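A short worksheet on the structure shown next.
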Amino acid sequence: MIITLNDATTRAIAGKLSKMREERGEAATDRVLTLLISCSEDELEAALRAANEASREHPCRVIALVPRDPDDERAGLDAQIRFGADGGAGEVIVLRPSGELTKHLDTLAIPLMVSDIPAVAWWPGTPPQDPSRDAIGAMASSRITDAGRSAEPLRAFDALRRHADANDVDLAWTRLTLWRGELASILDQPPHLPVLRCRVSGQKDDLSTLLMAAWLRYELRAPVGISWNDTGCRLTSVALTRADGDILLTREAGGTGSAAILPDQARLLLPGEKPQMMSLPCRSTADCLMEELAQLDPDNLYASVIHSDFDFSEDRV
Amino acid sequence: MSTLEPETGGPASAGQAADGWSNPLRDPRDLRIPRIAGPCTLVIFGVTGDLARKKLLPAIYDLANRGLLPTSFGLIGFGRRSWSDDQFRDWVKEHVRTRCRTVFRESTWNQLTEGIRFARGTFDDPAAFAHLGEIVLQVDADRNTHGNHAFYMSVPPSAFPVVARQLAASGLSESAGDAWRRVIIEKPFGHDLASARRLDETISSVFESDSIFRIDHYLGKETVQNLLAMRFANMLFEPIWNANYVDHVQITMAEDIGIGSRAGYYDGIGAARDVIQNHLLQLLALTAMEEPVSFSSHDLAMEKAKVLSAVRLPEDLAVHTARGQYAAGWQGEEKVCGYLQEQGVDPASTTETYAAVRLDIDTRRWAGVPFYLRTGKRLGKRVTEIAVVFRKAPHLPFESTATREMGQNAIVFRIQPDEGITLRFGSKVPGSRMEVRDVNMDFDYGRSFTGASPEAYERLILDVLLGDAPLFPTTQEVDLSWRILDPIEEFWGTQGAPEQYRSGAWGPAGADALMHADGRAWRLP
């Protein structure tokens, strides 16, 4: 259900929320966090869908801040409260400020945040240059960006990297978790030989592919090459070369660089063993968001990886 | 909240390997990547049984779907039916599809199905085990499972010895090189100390003692693990977790159903052996134990064994134990028969369907704090909880009328259903007079961590495949539990028929008398 409050005040919204809670016999203390979404009108609905899905695992109050025209002479606030089927396992508050109000978004959100629980900020589209100094980001204890979805991913990510705070993370990293898990468990198995070199392939300029390369280079201290393709899928394969041969984990249906991609699956080739298919689904934004919300402490490994030899200006084909 | 995860991945899967090699991709700072089991084959004996159908197979699928099973995974069902591999796969798929917790994904199923085989045979047929051996080898080759095998005994305990002997005779229990063998057994672990020891000897003559995993599925439940988080991660509770503040503890596991079709198993065993010996004594141990040095299997087992070894039985077993049998009557709106009328039960059976005992723990922390354990079938509702009931305040600066409605403070761990924690304390009733009444403060697992808790069996199966055992009771714990229960059973053996109790209520009068003797009463759970 969606309640629209035009020309609203934050006090009226807070009042409405507590009245609704009383009527539905709910306690705000069931929420485990406040999720602050900073986005544009076009990004809003997709972001809320992902947030609602994630809220089923982490019941949260979602506050979406969607600024309208900052040059509007009239400073005003239109709001929506969504709950029930439209609000995931919590409630969603959409705030659409215009004019002067767009310049201090934090004061709009503060009265609506649930007390005494962490706040997480998420930019589903173009992130600010320095999330921890952004008005919304500064209120949050963790900050999630998705530079891959901005207009210029590489430029956006480079800025994030330069301003990175311990509590910032980009979803390009989260998208790699399943891949990294598989690769680590492959190396758990004998023979325990050092990896001599690696090659990763993916869609041109894809951030996850770059992060995979950086992670391998950082942890294995081995040279890592990157091959770009135009499959439209982010990361498509990782090959690790050891003295006993190549380990290949790939989504590409045929040989390397082929445009055909296996849906939700990957092929694993180990030296001297038959190829095997494994389930390796492409992670949805909601999936990644769930992982981030499960883990609000700083990711020190991520910080080390992005500050390591992370050079994406040069095409390492 | 899973407090039992080792800090840097599982000891078997991660970090240091036996040859001193450590995996560079398992960075201790990496909190994201999951523990994935290594290549292996799981053989399930009794695969067509209820447990396998309803719990094990769906749990295996859910593990695969969560990406926690290796690509190189084989699943072999052993049973009497004359199935082809494909028929078995269809049967598994049907049960997985209806029971799985996560979404059913074809890609996950396809990955799993390639490693599924069926071995036909009976437990007393050596040829069947020779055939099973061939299938296992073939799966090893097809699925690159590196010769690692786990055997799940989802069979009645009477079949353990014969299956164990067959595994030994066929050479299946032996491994070469680095490969491991593990065996998983379900309760009951014997019916008294002597039989538990015999069973243990049989199994450990075939498998190494650290390769034997005894499943107590209660220990895989998130709320039970949360008991440890709640006690040892917080500052709030541990200071009052002792005889200075605690008056007594009540541990209840009530079922609203009768024995159903389990007469063959249940008659002669009874409520105490079926539930108190394993589930309730484990809950007692986790509630009462001292803080372990770490959550490794060894340290945790040591603390549990310590507290179990300090348990003292009541002096007068006639007063401080109670047992009963459900009588015919009404369970809610349903007319039900009594235990003695159940199909397959000896009409003169003295097996109890309700058991309650008082236990004391001789340690400084718990001196004088009784632990009351009760379990029964056909009780008022299905509920499992641990209630820690606190002493009354030594002085109340109110008029006596102000606090007459107030009871004792309590912390209640609800294990099932409605997993969560309730804190019970007094609060002023609004109005001009000072009057204090009990209120509840509630934490509900399902609301704060919605719906995504893995099933106990998922966690436990994964732990077996990883070789990580903090959630499995050790031989020593099983021994100690029987030491506690044996004298009680022996006493009951001399007492003739148990008291009959009304179905759909809270057990026999003797259980209430047990509490009244101490000036206390059972909580209404």
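The values are calculated or read from the model by the stated rules, or taken from the named source; none is laboratory data. Just so it is clear, the model here is predicted, and its values are computed rather than measured. FYI the Cβ positions are ideal-geometry reconstructions off the backbone, even for glycines, and counts take in every protein chain you see. The area values use the complete protein model at the heavy-atom level, side chains included, leaving out ligands, DNA and RNA. Shrake-Rupley method; radii C 1.70, N 1.55, O 1.52, S 1.80 Å.
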ask   = Restricting attention to region A:53-63, does a residue exist that is under 24 Å from the mean Cα position of the chain (by Cα), more than 19 Å from A:Gly25 (Cα to Cα) and assigned to a loop (DSSP other than H, G, I, E, B)?
value = yes
ask   = Among the residues of region A:128-163, which ones are over 18 Å from A:Leu35 (Cα atoms) and part of a loop (DSSP other than H, G, I, E, B)?
value = A:Gln129, A:Asp130, A:Ser150, A:Ala151, A:Glu152, A:His163
ask   = Taking the stated definitions as given, is B:Glu489 part of a helix (DSSP H, G or I), open to solvent by 10 Å² or more (accessible area, probe 1.4 Å) and among the charged types (D, E, K, R)?
value = yes
message = Exactly one of these conditions fails for B:Glu419: (1) touching a helix residue (DSSP H, G or I) at 6+ places or on another chain (Cβ under 7 Å); (2) surrounded by fewer than 19 Cβ atoms within 10 Å (Cβ to Cβ). Give me its number.
response = (2)
ask   = Where residues in region B:449-467 are within 14 Å of chain A (Cβ to nearest Cβ) and open to solvent by 10 Å² or more (accessible area, probe 1.4 Å), which of them is modelled with the highest pLDDT?
value = B:Leu462
task = Within region A:275-294, track down each residue that is within 7 Å of chain B (Cβ to nearest Cβ) and open to solvent by 40 Å² or more (accessible area, probe 1.4 Å).
result = A:Met277
note = Conditions (1) within 14 Å of another protein chain (Cβ to nearest Cβ); (2) open to solvent by less than 20 Å² (accessible area, probe 1.4 Å); (3) touching a residue at least 60 places away in the same chain (Cβ under 8 Å) -> A:Gly225 fails only (1)
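Rundown of residues vs (1) within 24 Å of B:Ser503 (Cβ to Cβ); (2) in a loop (DSSP other than H, G, I, E, B), yes/no style:
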{"residue": "B:Ala367", "(1), (2)": "no, yes"}
{"residue": "B:Tyr372", "(1), (2)": "yes, no"}
{"residue": "B:Thr375", "(1), (2)": "yes, no"}
{"residue": "B:Thr384", "(1), (2)": "yes, no"}
{"residue": "B:Val389", "(1), (2)": "no, no"}
{"residue": "B:His395", "(1), (2)": "no, yes"}
{"residue": "B:Ala402", "(1), (2)": "no, no"}
{"residue": "B:Gly407", "(1), (2)": "no, yes"}
{"residue": "B:Val412", "(1), (2)": "no, no"}
ask   = Within region A:202-215, can you find the residues that are in contact with a Leu (Cβ under 8 Å, 6 or more places away or on another chain) and either within 11 Å of another protein chain (Cβ to nearest Cβ) or open to solvent by less than 10 Å² (accessible area, probe 1.4 Å) (or both)?
value = A:Gly202, A:Leu207, A:Ser208, A:Thr209, A:Leu211, A:Met212, A:Trp215
request  = Kindly check whether there is at least one residue in region A:18-28 that is part of a loop (DSSP other than H, G, I, E, B), under 20 Å from A:Ser98 (Cβ atoms) and open to solvent by 20 Å² or more (accessible area, probe 1.4 Å).
outcome  = no
query = What do you reckon, is B:Val345 of a type in the set (Val, Ile, Thr), part of a loop (DSSP other than H, G, I, E, B) and either more than 24 Å from B:Asp438 (Cα to Cα) or not assigned by TED's automatic domain parsing to the domain that holds B:Gly507 (or both)?
reply = yes
task = Scan (1) within 14 Å of chain A (Cβ to nearest Cβ); (2) part of a helix (DSSP H, G or I); (3) small (Gly, Ala, Ser) for the single condition B:Ala159 breaks and write down its number.
result = (1)
request  = Working only within region B:423-476, note down all residues that are of a type in the set (A, V, I, L, M) and in a helix (DSSP H, G or I).
outcome  = B:Ala456, B:Leu460, B:Ile461, B:Leu462, B:Val464, B:Leu465, B:Leu466
